[in-house]
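*Asks:* Structure in structure tokens, see below.
The values are calculated or read from the model by the stated rules, or taken from the named source; none is laboratory data. Bear in mind that the values here come from a model prediction, so they are computed numbers and not experimental data. Neighbour counts run over all protein chains shown; Cβ positions are idealised from the backbone, glycine included.
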Amino acid sequence: MCAFNAKKILNTSKLSLILRRLASQLFENHNHFENAVLIGVQPRGKILAEKLKDILITEYKIKNIDLGFLDITFFRDDFGRKNKILSPNKTSIDFFIEDKSVILIDDVLYTGRSVTAALAALQSFGRPKKVELLSLVDRRFSRHLPIQPDYYGVKVDSINNQRVEVKWDKNNKEGSVYILQNEK
């Protein structure tokens with residue numbers, strides 16, 4: 001973080017409380033997940049989705065939760081516009097989403113473009129009954145598209161030259177959320 005000024009907005013204990021609240025909301029709306037699946041948007045939604053699944057299993061005793069991971073690299077509207085070679089992540093969805101409620105999970109909702117790409121990529125796997133969006137951080141005044149989360153951990157007001165970043169430790173056990181600003 002040497003080129004940036006960083007402000008911590010969530011520490012590990014607050015992040016843990018938020019994850020438990022989000023899991024509780026998912027449980028309230030989907031009970032035992034017979035007709036719902038979790039799909040983490042690669043790469044940053046994967047860890048969040050795994051953490052939520054772990055909480056649902058350990059604290060709510062849900063036995064079977066389908067969890068998949070979706071790569072959106074080739075579905076992005078800016079694909080090929082950047083002068084760099086992208087290395088896609090692996091999509092791993094080994095269950096049917098037809099007529100299921102799909103909960104898309106990502107760490108930060110910013111412009112809405114990643115969610116649009118995820119919706120397009122999801123169509124390759126069938127037609128869900130419903131799609132919901134869970135985002136740990138909602139950068140609410142930065143949207144380019146009319147997309148809002150159904151579940152969110154925290155809303156953040158940030159300006160365009162700032163970045164919101166979720167950082168997990170090397171074991172993905174503890175985490176923090178920062179607002180980073182470029183030094184001028």
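*Asks:* In the range 14-32, which residues are closer than 14 Å to residue 101 by Cα and either small (Gly, Ala, Ser) or touching a Ser or Thr at 6+ places or on another chain (Cβ under 9 Å) (or both)?
*Replies:* Once the filter is applied, which keeps residues that are closer than 14 Å to residue 101 by Cα and either small (Gly, Ala, Ser) or touching a Ser or Thr at 6+ places or on another chain (Cβ under 9 Å) (or both), the range 14-32 yields 29, 30.
To keep it simple, each residue is scored yes or no on (1) crowded, with 19+ Cβ neighbours inside 10 Å; (2) modelled with pLDDT under 95; (3) aromatic (Phe, Trp, Tyr).
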| residue | (1), (2), (3) |
| --- | --- |
| 42 | yes, yes, no |
| 66 | no, no, no |
| 71 | no, yes, no |
| 79 | no, yes, yes |
| 83 | no, yes, no |
| 112 | no, yes, no |
| 118 | yes, yes, no |
| 126 | no, yes, no |
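*Asks:* Follow-up. Looking at 52, 56, which one is under 13 Å from residue 103 (Cα atoms), surrounded by 19 or more Cβ atoms within 10 Å (Cβ to Cβ) and of a type in the set (A, V, I, L, M)?
*Replies:* Of 52, 56, the one residue that is under 13 Å from residue 103 (Cα atoms), surrounded by 19 or more Cβ atoms within 10 Å (Cβ to Cβ) and of a type in the set (A, V, I, L, M) is 52.
*Asks:* Those residues that are under 12 Å from the mean Cα position of the chain (by Cα) and farther than 14 Å from residue 134 by Cβ, I need them from the range 31-67; list them, please. Show your work before the answer.
*Replies:* Within the range 31-67, the first condition is being under 12 Å from the mean Cα position of the chain (by Cα), and the residues that meet it are 38-52.
Passing the criteria: 42, 43.
*Asks:* Are any residues in the range 118-149 over 19 Å from residue 34 (Cβ atoms), assigned to a loop (DSSP other than H, G, I, E, B) and of a type outside the set (A, V, I, L, M), and if so, which ones?
*Replies:* If the condition is that a residue be over 19 Å from residue 34 (Cβ atoms), assigned to a loop (DSSP other than H, G, I, E, B) and of a type outside the set (A, V, I, L, M), then 140, 141, 142, 143, 144, 146, 148, 149 are the ones that fit.
*Asks:* At pLDDT 95 or above and surrounded by 16 or more Cβ atoms within 10 Å (Cβ to Cβ), is that true of residue 27?
*Replies:* Here the answer is yes, as residue 27 does meet what is asked.
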